[in-house]
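Report on one structure; see the data block that follows.
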Amino acid sequence: MAYITQHSAGVPAPVRIGLIGSGWMGAFHADSIARRVPGAVLAAIADPNVESAEALARSLGAAKVTPNAEDILADPEIDAVIIASPARFHSSLIAQAAAAGKHVFCEKPAGQGLEELDAALAAVQASGVHFQVGFNRRYAEDFLAAKKDLSAGVAGTPQLLRSLTRDPGNGSIPNAARVPAWTIFLETLIHDFDTLNWFNEGAEPVEVYAVADALVEPGLRDQGFLDTAVVTIRYSNGAIAVAEANFSALYGYDIRGEVFGSKGMVQAGRATETAARRFTSEGMSADTPRLNVELFRQAYTDELADFAAAVRARRDGLPPSSSDVTLTPGASDARRALAMALACIESVKHGAPAPVPAPAASTVAYAGEKS
Ligand SMILES: NC(=O)c1ccc[n+]([C@@H]2O[C@H](COP(=O)([O-])OP(=O)(O)OC[C@H]3O[C@@H](n4cnc5c(N)ncnc54)[C@H](O)[C@@H]3O)[C@@H](O)[C@H]2O)c1
């Protein structure tokens, strides 16, 4: 029986998704697709670590398993892929997926260099597939509420912006020696760069000045390991932003954003796990979020629901869903944030401010992007 005939008339066929990379983030995305995103099906998993892929497929009761991403890309039953492999593979996987006509959700960063990312995004543009990058903070309830306020002009003209990431830790970083160079900019602060760009919509980042060190693992400083960083950013509209990160907050996972402007201030960031507080003879206390998948469980789900809806709309020739604010992070967002991370690396190397390359002409406006 043909696949399509298994669905009654009027019920759209589910979006069939192939997962590429079944590690920490890929496994969580697979779980979201299988259990929490209506209208999407986890159809296949590719990972050279087949045991990992098989275990995940078993736990979710579904999916073909293969060691090769190419098998998923060649599978005519797959509509779209989620790329959650290590970052060094992202650009080439995006390009291959686009060439195979698969819609792409790619974890951040979408690439590690502008040249490779531009080639991948050119393939996306040429094929016309939908592309989304994993800047999940946009989908967090408080960040989205802040964005709506900013779009309504609540803060007026932005003057100062702030975004911070403090990853949870116990005062030391497991496997720190194996963390790829410049991870703090390319994989951590890249989230903050996107938040700042999104909050300061319409402005371009023009210059960064990054200061970074190994303060959690000072023994690894000589090997170039960095676990703490502060970046100042100048924007084309004159606004000045600060982004900061540390890899080991003992109290949990701490993510915040703020815009201060001519009319006021808007803040986002949830310091406590729930709204509950304990008041005892010792004072007041509350639980804090410990993991990204706790703090952003809903945001990770909603970003994939947005992706699945966009893929379904493209596939079935429906109008794209609309939002009252710019939401879906796409090609130019992926490129803008990467350009900032790469400029930070130059800034640290030279101990001086570094220019952020202007958007490539071809990435100023991608087909289907709102901004
Ligand atoms: N958005 C977020 O908040 C967030 C959080 C964590 C990680 N991430 C991103 O997700 C990506 C993966 O990170 P992770 O922590 O899950 O890493 P991980 O090491 O836990 O998982 C990576 C997986 O990819 C597999 N893999 C390696 N090469 C592959 C290839 N060529 N094709 C397919 N699979 C391959 C590995 O075997 C492994 O199972 C990174 O880009 C990271 O920055 C995003």
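Readers should treat all values here as calculations from the given coordinates under stated rules, not as data from a laboratory. Quick caveat, the model's predicted, so the values are computed rather than measured. Ideal geometry is used to build each Cβ from the backbone, glycine not excepted, and the neighbour counts take in all protein chains shown.
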Self-check item: Helix 90-99 axis, angle to the chain major axis (alpha carbon atoms, nearest 10°)
Solution: 30
Practice problem: Over 31 Å between C-alpha atoms is what I'm after, so list which of Lys108/Lys148; Lys108/Lys147; Lys263/Lys349; Lys64/Lys108 land there. | Solution: Lys263/Lys349
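Tell me, what is a quarter of the convex hull surface for the C-alpha atoms of the range 62-146, in nm² with one decimal?
Reported value for the Cα convex hull: 6.8 nm².
Rank the residues Met340, Met25 as a footprinting-exposure proxy: fewest other Cβ atoms within 10 Å of their Cβ go first.
Working: Met340 28, Met25 19.
Listed from fewest to most nearby Cβ atoms, that is Met25, Met340.
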Quiz item: Helix 24-35 sits at what angle to the longest principal axis of the chain, using alpha carbons and giving 0 to 90 degrees rounded to 10?
Solution: 50
Quiz prompt | Whole-Å semi-axes of the range 237-296's equivalent ellipsoid (Cα gyration tensor) | solution = 28, 16, 11
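Please list 118-125, 326-333 highest first by mean number of surrounding beta-carbon atoms within 10 Å per residue.
Order by mean packing, descending: 326-333, 118-125.
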Quiz prompt | Neighbour-count ranking [beta-carbon atoms within 10 angstrom, fewest first] of Trp198, Trp182 | solution = Trp182, Trp198
Exercise. For every other residue with a beta carbon closer than 11 angstrom to the beta carbon of Pro359, add +1 if it is Lys or Arg and -1 if Asp or Glu, then tell me the sum.
Key: -1
Quiz item: Where does helix 50-60 land angle-wise versus the long Cα axis of the chain, in degrees 0 to 90, nearest 10?
Solution: 80
Self-check item: Long-range amide H partners of Ala249 with built H, under 5 Å
Solution: Asp167, Gly169
Quiz item: Can you give the direction-averaged projected area of the convex hull of the alpha-carbon atoms in the range 181-320, in nm²?
Solution: 13.2
Exercise. With just the Cα atoms of the range 253-371, tell me how far they stretch along each of the three principal axes, in Å, largest first.
Key: 62, 50, 33
Practice problem: Could you calculate, for the range 107-245, the ratio of the Cα radius of gyration to the Kirkwood radius, expressed as Rg to Rh? | Solution: 1.00
Self-check item: the chain: radius of gyration over Cα atoms, expressed as a fraction of 2.2 N^0.38 Å
Solution: 0.99
